Amino acid sequence: MHKVIFDTDPGVDDAMALLFLHAAPDVELIGITTTFGNGTIETTTRNALYLKDRFGFAAPVARGADRPYHGKAVTPATARVHGHTGLGDTALPERITATVDPRPAHQLIIDLIRANPHAVTLIAVGRMTNLALALEAAPDIAELVKDVVVMG
């Protein structure tokens, strides 16, 4: 069983990847962390919580970075690429029952890696800011994580 943290900015593409991870029989999704990119941090976090509700993910969802680690903030791709909801203009419910984990995303990453030494694969398909913040706050996790897979 592969323990996975999925660091994401859920637009249409990342939502599909999240569903594949959820359905994979050899994957245990232990955390979902959000970042800005395919939408604002509010949009991507709402999308992750909606997907958690809709498809029954057990993994906690933690809100992450709302701007780059360095440099200026950029305009999200939502309206241009992923529609106004970030999920292809899918009609989303007004109320989502899933709630965000109280920890910031980088802290959830740190906590899950420390709780599962040498067993966690971090898959980062959005901005790398949450990973950078986690490494800045806890450099020891570099030796404790099993794998880091990035889309870039």
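At-a-glance table
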{"item": "Selected residue [at pLDDT 95 or above and at positive phi] from H106, H118", "result": "H118"}
{"item": "All positions within segment 112-132 that are closer than 14 Å to I5 by Cβ and assigned to a helix (DSSP H, G or I)", "result": "L112, I113, R114, A115, N130, L131"}
{"item": "Where I109 falls short, out of the listed (1) open to solvent by less than 30 Å² (accessible area, probe 1.4 Å); (2) not in a helix (DSSP H, G or I)", "result": "(2)"}
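Residues checked against (1) acidic (D, E); (2) part of a strand (DSSP E or B); (3) open to solvent by less than 60 Å² (accessible area, probe 1.4 Å):
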| position | (1), (2), (3) |
| --- | --- |
| P25 | no, no, no |
| L29 | no, yes, yes |
| G37 | no, no, yes |
| T43 | no, no, yes |
| A48 | no, no, yes |
| A59 | no, no, yes |
| G64 | no, no, yes |
| Y69 | no, no, no |
| K72 | no, no, no |
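The values are calculated or read from the model by the stated rules, or taken from the named source; none is laboratory data. Given the structure is predicted, the values throughout are model-derived calculations rather than measurements. Because the Cβ atoms are built from the backbone with ideal geometry, glycine has one as well, and the counts that use them run over all protein chains shown. Just so you know, the surface numbers come from the protein's heavy atoms only, side chains and all, with ligands and any DNA or RNA stripped out. Shrake-Rupley method; radii C 1.70, N 1.55, O 1.52, S 1.80 Å.
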